[in-house]
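Only one structure is covered here, and it is reproduced in the block below.
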Amino acid sequence: MPKPIRSHEDFLIFGSPLIGDDEKRDVLHCLETGWLGTGPKVARFEREFCAYKQAGYAVAVNSCTAALHLSLLAANIGPGDEVITTPLTFCATVNAIIHVGAQPVLADVNPTTFNIDPEQVRAKITQRTKAILPVHFAGRSCDMQALCAIAEEHGLILIEDCAHAIETMYRGKHAGTFGAFGCFSFYVTKNLATGEGGMVLTPEEGHANRIKVLALHGMTKDAWQRFSDEGYKHYQVVECGFKYNMMDLQAALGLHQLRRISVNWQRRQEIWAIYQEAFRDLPLTLPEPPEEGTRHAYHLYTVLVDPQRARITRDAFLAAMTAENIGVGVHYQSIPTHPYYRDRFGWQVEDYPHSFRIGQQTVSLPLSPKLSDRDVTDVTRAVWKVLGD
Ligand SMILES: Cc1ncc(COP(=O)(O)O)c(C=O)c1O
């Protein structure tokens, strides 16, 4: 057996976050002061994230799933309503729609950008359509001009799933600020990592206030300061909410991650460019360059392994990379491949052919700013070793 590119002990973990000394110090500060829960660091993180994104209001929550769920509730979407989204997404996007009692409706993606195709969205609009929920896949901006035009024409609410899109811009405007709500993820593998975490951006103060109330049991806004040094405050429950609040421990990570957002982005851009050059002559479909007038967040570097061209199946490629001790990911098997959705909604994979094919062929390679030059070289050597002959 030839030696793997890396040793087993040195397995390159996919999506490992880069955590600096500042984060460690600030987390320690939380532990020492005893303020672990929602407090001043969360409030500061909201203000700084809001300023970075040039948004109206920001509410921190404990995941993007929570952010999506609360945005749909704040938009008064529920039973009898339809929400159009993409089949090429993480299950959380679709689950959030189901959780509010609405019907998810899938519109296939553009085979080049992997983003929801505005023409497919148009074709899916009915009397019951209430919202469009696009995902900026891998950090590549959706066609916001077309989606905003459709939303306006049909009076639809736009909720952006920005789990991959913290740094994404479209024609000078930040992803997450185009519609009524922008939902972000700070999960471990994301461009800004707090372990678990999320944020809702909205231009409307009323929506921000409602989301704040819903994120903490439905208790009045003042409940967020219940344990401040100004003394005990009574609270009132005004609706039946959830336990979706972010902790100061998480914000302590987020504040420093946000300060390094550009440096980390530049490093991922650099790695992306190295991959594009290194894999040019391999039988793979590489990502298209970012569209003019957009900023790509470089969240995922995905290649397509077509078994005819590459003479290896995607799953065999995944196994071969793992045998080289390089971590890989799949983003995503299309939503109708999962039995729950197929059984409940009768969706067939063939009805969303682009998403299905991408889901069958896609592989994500490591793209963390934590990667050293040697790590990046190991990834390229492993890919060449698997596909090069
Ligand atoms: C596109 C997309 N939407 C939503 C989510 C859910 O994010 P979270 O894990 O923060 O709930 C993810 C997470 O991977 C995602 O990739």
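A few comments on the model shown:
- What the Cα convex hull of the range 71-181 gives, in volume per residue, is 87 Å³.
- Unsatisfied cross-links (Cα-Cα over 30 Å) in the set 24/243; 130/243; 53/243; 124/173: none
- Computed magnitude of the charge dipole of the range 163-302 (debye, nearest 20; Cβ of K, R +1, Cβ of D, E -1): 180 debye
- Within the chain, percent of DSSP bridges classed antiparallel, to nearest 5: 60 percent
- Percent breakdown of C-alpha pair distances by 10 Å bin, ordered from the shortest bin, for the range 197-300: 12, 26, 24, 17, 14, 6, 1
- Exposure proxy shown here: for 296, 29, 8, the number of other Cβ atoms within 10 Å sets the order, fewest to most, as 8, 29, 296.
- 222 nm mean residue ellipticity, helices alone, for the chain (DSSP H n ≥ 4; -39,500 (n - 2.57); rounded to 500): -11500 deg cm²/dmol
- Label-to-label distance, residue 1 versus residue 25, with points set 7 angstrom from Cα along the beta-carbon direction: 4.5 nm.
- Helix axis angle, 248-259 relative to the chain longest principal axis, alpha carbon, degrees: 60 degrees
- Extension gain for residue 126-residue 240 works out to 38.0 nm (0.36 nm per residue, less the C-alpha to C-alpha distance).
- The P(r) of the range 1-112 has a tail past 19 Å containing 68 percent of all C-alpha pairs.
- Considering only 313, 296, 347, and ranking their Cα positions along the charge dipole of the range 283-385 that arises from unit charges at the beta-carbon of Lys, Arg, Asp and Glu, the one farthest toward the positive end is 313.
- Efficiency of FRET from Cβ geometry, residue 273 and residue 18, R₀ 22 Å, rounded to 0.05: 0.75
- Ranked by how many other Cβ atoms sit within 10 Å of their own Cβ, fewest first, the residues 7, 364, 71, 141 fall in the order 7, 364, 141, 71.
- Most mobile listed residue (324, 119, 32) in the chain, GNM with C-alpha springs under 10 Å: 32
- In this structure, residue 266 and residue 330 have a Cβ-Cβ separation that, at R0 = 22 Å, corresponds to a calculated FRET efficiency of about 0.25.
- Dipole of the chain [Lys/Arg +1, Asp/Glu -1 at C-beta], most positive-end residue of 8, 264, 129: 8
- In plain terms, the chain from residue 350 to residue 188 could stretch by 55.0 nm, reckoned as 0.36 nm per residue minus the Cα-Cα distance.
- The range 167-215, Cα convex hull volume normalised per residue, Å³: 72 Å³
- You can think of it this way: the chain between residue 32 and residue 154 has 38.6 nm of extra reach, that is 0.36 nm per residue less the Cα-Cα gap.
- Charged-residue dipole, Cβ positions (Lys, Arg, Asp, Glu), the chain about Cα centre, Debye nearest 20: 280 debye
- Taking the chain as a Gaussian network of alpha-carbon nodes connected by springs under 10 Å, the highest mean-square fluctuation of the residues 34, 20, 218 belongs to 34.
- For the chain, the longest principal axis of the Cα atoms and the long axis of helix 205-215 meet at an angle of about 80 degrees.
- Debye intensity ratio I(q)/I(0), log10, the chain, q values 0.10, 0.13 Å⁻¹ (C-alpha model): -0.67, -1.09
Laboratory data are not the source of any read-out in this text; all were calculated from the coordinates shown. Computed from a predicted structure; not experimentally measured. So basically every Cβ, Gly included, is an ideal-geometry build from the backbone, and we count neighbours across all protein chains shown.
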